[in-house]
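Below you'll find the structure, written out as structure tokens, and then a few comments.
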């Protein structure tokens, strides 16, 4: 939706496997046509063929008369010590590439530019311990980031019983391996680790903003921060996405730059499809 400016029923990009056609004209293509220099780094899975065969199949198994576990049980994992900042190394390498591009190339351009940086965080990490089709159910961080989270402020979501669940909710909870017993400590930890992963993501964004500031480009650059989905983090007895609940479908949309009023909140309902016309 973000790249095409069209809703799913028009592009028929129904799941992570089926995306846009390779020759689809995105907003970045149009900006190039109108004189912008463009550069992309990181996660770019808006075209078809990415992710697994499981992603291709699971969207069509909602009405079958049996249940399929498609994720490992959500869990947390602490790594490193208080000095470990770069937990998600792949995203940091991608961020470094973007920072270097800003400092070495963007600063010397004679034409306007548009830079896209796609990150995996704060997406949960793969869980190979769970076996075949293990999915991504591990919330991983270091003490450096976890110490930035205020545990006392974390709210434990209330759950209804499994028998009270709507069949669609039960299906989602089951496929995400969340129908078992979870202690309050487990739920709180999952949420805390997710917030810590968000803090690490924020650190990467800070590197981009710093690079723009160091090169004098910040004062004439518009920055847009958004995401393709949210994270339930054990709300409604689920983690991950694939739900129309607020935690899953609500994403951030932050804009800063020249001509953008500071601290302004827009109450209007917006969608990722609005990125396309906004960029143009």
Original post:
For the chain, what is the mean residue ellipticity at 222 nm derived from helices alone (per DSSP H run of n ≥ 4: -39500 (n - 2.57); sum divided by total residues; nearest 500 deg cm²/dmol)?
Top reply: -9000 deg cm²/dmol
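May I ask for the percentage of alpha-carbon pairs in the stretch 8-279 that lie more than 23 Å from each other? Display every interim value, and only then the final one.
Numbers: 22095 of 36856 pairs.
Summing the P(r) tail past 23 Å for the stretch 8-279 gives 60 percent.
For the ranges 118-126, 138-146, 158-166, what's the packing order if you count other beta-carbon atoms within 10 Å of each residue, average per peptide, and put the highest first? Provide the component values of the computation, followed by the final result.
Numbers: 118-126: 19.3, 138-146: 21.7, 158-166: 10.9.
Ranked from most to least packed, the peptides come out as 138-146, 118-126, 158-166.
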**OP:** Set the Förster distance to 51 Å, then compute FRET efficiency between residue 154 and residue 111 from the Cβ-Cβ distance, nearest 0.05.
**Re:** 0.65
Original post:
Under the definition of Cα pairs under 8 Å and six or more residues apart, what whole-number percent is the relative contact order of the stretch 161-273?
Top reply: 24 percent
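List the relative contact order of the stretch 224-280 as a percent without decimals, with contacts defined as Cα pairs under 8 Å and 6+ residues apart.
Values: 51 pairs, mean separation 17.7, N = 57.
This gives 31 percent for the stretch 224-280.
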Subject >> Using alpha-carbon coordinates, inclination of helix 184-214 to the longest axis of the chain, degrees >> reply: 10 degrees
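In percent, how large is the relative contact order of the chain, given Cα pairs closer than 8 Å and 6 or more residues apart?
Values: 406 pairs, mean separation 65.6, N = 280.
About 23 percent, as a whole number.
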**OP:** Round to the nearest 10 and give me the degree value, 0 to 90, for the angle of helix 89-104's Cα axis relative to the longest principal axis of the chain.
**Re:** 10 degrees
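If we sort 172-180, 97-105 on the protection proxy, mean other Cβ atoms within 10 Å, highest first, what's the order? Intermediate results must be reported in sequence, preceding the final value.
Numbers: 172-180: 19.3, 97-105: 16.4.
For the peptides 172-180, 97-105, the packing ranking is 172-180, 97-105.
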Subject >> Euclidean distance of C-alpha centroids, the stretch 93-128 and the stretch 158-180, integer Å >> reply: 38 Å
Original post:
Quick one: if the Förster radius is 41 Å, what FRET efficiency do residue 29 and residue 263 give, using the C-beta to C-beta distance and rounding to 0.05?
Top reply: 0.75
Original post:
Ranked highest first by average number of other Cβ atoms within 10 Å, how do 242-248, 182-188 line up?
Top reply: 242-248, 182-188
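Under the classification rounded if a/c is under 1.5, otherwise prolate if a/b is larger than b/c and oblate if not, where does the stretch 133-175 fall, given a ≥ b ≥ c as square roots of the Cα gyration tensor eigenvalues? Write down the numbers at each step before the final one.
Details: a/c = 5.83, a/b = 1.63, b/c = 3.57.
In terms of gyration-tensor shape, oblate.
Bear in mind these aren't lab numbers, they're just calculated from the coordinates by the rules spelled out. Computed from a prediction, not measured in an experiment: that's the story for all the values here. Cβ coordinates were reconstructed from backbone atoms using ideal geometry, including for glycine residues, and neighbour counts include every protein chain displayed.
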